[in-house]
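**Q** What follows is a structure written as structure tokens; I'll ask about it next.
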Amino acid sequence: MPRIDFGDIFSLVTKVTSTRLLLSVAAAFDFEVEKMDVKTSFLHGDLEEEIYMKQPEGFAVKDKKELVCKLKKSLYGLKQSPRMWHQKFDTFIQGLGFTRRKVDHCVYFKLIGDCVIYLVLYMDDMLLVGNDKEIIQDLKTQLSSKFDMKDIGAANYILGMEIKRDQAKRKLWLNQRKYVEAILQRFNMQDSKPVKVPIPVGVRLSAEQCPKTQEEEEDMSRIPYASAVGSLMYAMVCTGPQIAHAVGVLIRFMSKPGKEH
């Protein structure tokens, strides 16, 4: 309802640090790491409000085109859909005896005797981490009975990060090679040569290098600076702390970047 709850559309997602922490725990204690996807997750949400929509193009009832449809479930495109999906999942998983972590509301855990199982939710991606494969399988069965799920099996990829593991040595590596290659392709830099440091020694960026004329501003408006820096930020947060300083410098000029930036 406008001015009351119309703005309640935010949906929680797990922190990247939580995912990395659980993967490090899995490596150290030789836990199982499985992945599941929720098919059409937003369609599972139950609406709290009365919402009407125009009849979809091509599906309008003849001689009743002036009528509208009353929604019984959430749809993709609704502002409320992400939040309603998260609420439904949160209620269901806590009903199975899971406890939600206070520091990250998208991380749930359950203790069963000497066994422990963690569930990490990122919109429609789920990571299941535990020390008992049978309990993980039971959880998969319970999830599939409630939602339309896809069982991926052992997790090899999560949140744009590739997972490589040596269980015998209890080691686990994360990399974003595919993500970085996709960024290079997107910004037409796939043939660029690698360098040893993110910002060359002696290079100093400042506000003095920002556009000073309208013509310069128009030239720079055609360059996807913010998009490129945002892409680098995600790589930095997930697996690339070595570029943190360089990205931090570039962020300062997001509102008015110049050619040097």
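The values are calculated or read from the model by the stated rules, or taken from the named source; none is laboratory data. Being a predicted model, the structure only gives us computed values, none of them experimental. Every residue, glycine as well, gets a Cβ built from its backbone with ideal geometry; the counts of neighbours run over all protein chains shown. Please note that ligands, DNA and RNA were not included when accessible areas were found on the heavy atoms of the full protein model with its side chains. Shrake-Rupley method; radii C 1.70, N 1.55, O 1.52, S 1.80 Å.
**Q** How many of the residues in the stretch 112-134 are hydroxyl-bearing (Ser, Thr, Tyr) and at pLDDT below 95?
**A** Filtering the stretch 112-134 down to residues hydroxyl-bearing (Ser, Thr, Tyr) leaves 118, 122.
Retained after the next criterion (residues that are at pLDDT below 95): 122.
Total meeting the criteria: 1.
**Q** I'd like the full set of residues that are within 20 Å of the chain's Cα centre (by Cα) and either on the phi > 0 side of the Ramachandran plot or part of a helix (DSSP H, G or I) (or both), limited to the stretch 103-142.
**A** Correct list: Met123 only.
**Q** Hey, another quick one. When the residues of the stretch 73-102 are narrowed to those that are in a loop (DSSP other than H, G, I, E, B) and at pLDDT 85 or above, which ends up farthest from Leu143 (Cα to Cα)? Give the derivation first.
**A** Taking the stretch 73-102 as the starting set, the residues that turn out to be in a loop (DSSP other than H, G, I, E, B) are 74-80, 96-98, 101-102.
Now drop any that are not at pLDDT 85 or above, which leaves 96-98, 101-102.
On the way: Leu96: 10, Gly97: 13, Phe98: 13, Arg101: 19, Lys102: 23 Å.
Filtering first and then ranking leaves Lys102.
**Q** So Val61 fits all but one of (1) without any contact (Cβ under 8 Å) to a residue 24 or more places away in the chain; (2) under 17 Å from the mean Cα position of the chain (by Cα); what number is the exception?
**A** (2)
**Q** Right, another one. I need the full set of residues from the stretch 35-72 which are at pLDDT below 80, touching a helix residue (DSSP H, G or I) at 6+ places or on another chain (Cβ under 8 Å) and surrounded by fewer than 14 Cβ atoms within 10 Å (Cβ to Cβ), in order please.
**A** Glu48, the sole residue that qualifies.
**Q** To continue, here is another question. Please specify each residue of the stretch 177-204 satisfying the condition of being open to solvent by 100 Å² or more (accessible area, probe 1.4 Å) and charged (D, E, K, R).
**A** Hits for the stretch 177-204 are Arg177, Lys178, Arg186, Asp191, Lys193, Lys196, Arg204.
**Q** Just one of (1) open to solvent by 10 Å² or more (accessible area, probe 1.4 Å); (2) out of contact with any Ser or Thr (no Cβ under 8 Å at 6 or more places or on another chain); (3) within 19 Å of Ser18 (Cα to Cα); (4) of a type outside the set (Phe, Trp, Tyr) trips up Thr91, so point out which.
**A** Of (1) open to solvent by 10 Å² or more (accessible area, probe 1.4 Å); (2) out of contact with any Ser or Thr (no Cβ under 8 Å at 6 or more places or on another chain); (3) within 19 Å of Ser18 (Cα to Cα); (4) of a type outside the set (Phe, Trp, Tyr), only one is false for Thr91: (3).
**Q** So which pairs qualify, if the first residue must be in the stretch 237-261 and more than 15 Å from Pro224 (Cβ to Cβ), the second must be small (Gly, Ala, Ser) and part of a loop (DSSP other than H, G, I, E, B), the Cβ gap must be under 7 Å, and the two must be at least 6 apart or on different chains?
**A** Cys238/Gly160
**Q** Those residues that are in contact with a strand residue (DSSP E or B) (Cβ under 7 Å, 6 or more places away or on another chain) and part of a helix (DSSP H, G or I), I need them from the stretch 26-58; list them, please.
**A** Result: Ala26, Ala27, Leu43.
**Q** For the subset of the stretch 12-32 comprising residues that are hydrophobic (A, V, I, L, M, F, W, C) and in contact with a Phe, Trp or Tyr (Cβ under 7 Å, 6 or more places away or on another chain), which member is surrounded by the fewest Cβ atoms within 10 Å (Cβ to Cβ)?
**A** Step one: list which residues in the stretch 12-32 are hydrophobic (A, V, I, L, M, F, W, C), which gives 12-13, 16, 21-23, 25-29, 31.
Next, from what is left, pick out any that are in contact with a Phe, Trp or Tyr (Cβ under 7 Å, 6 or more places away or on another chain): 13, 22, 25.
Working: Val13: 17, Leu22: 21, Val25: 15.
Looking at residues that are hydrophobic (A, V, I, L, M, F, W, C) and in contact with a Phe, Trp or Tyr (Cβ under 7 Å, 6 or more places away or on another chain), I get Val25.
**Q** Evaluate the stretch 205-216: report whether one residue or more is touching an Asp or Glu at 6+ places or on another chain (Cβ under 9 Å), open to solvent by less than 70 Å² (accessible area, probe 1.4 Å), part of a helix (DSSP H, G or I) and within 17 Å of Val249 (Cβ to Cβ).
**A** The answer is yes; a qualifying residue exists.
**Q** Quick check, is Met220 part of a helix (DSSP H, G or I) and farther than 24 Å from Gln176 by Cα? Talk me through it step by step, then tell me what you get.
**A** Details: part of a helix (DSSP H, G or I): yes; farther than 24 Å from Gln176 by Cα: yes.
Against the criterion (part of a helix (DSSP H, G or I) and farther than 24 Å from Gln176 by Cα), Met220 qualifies.
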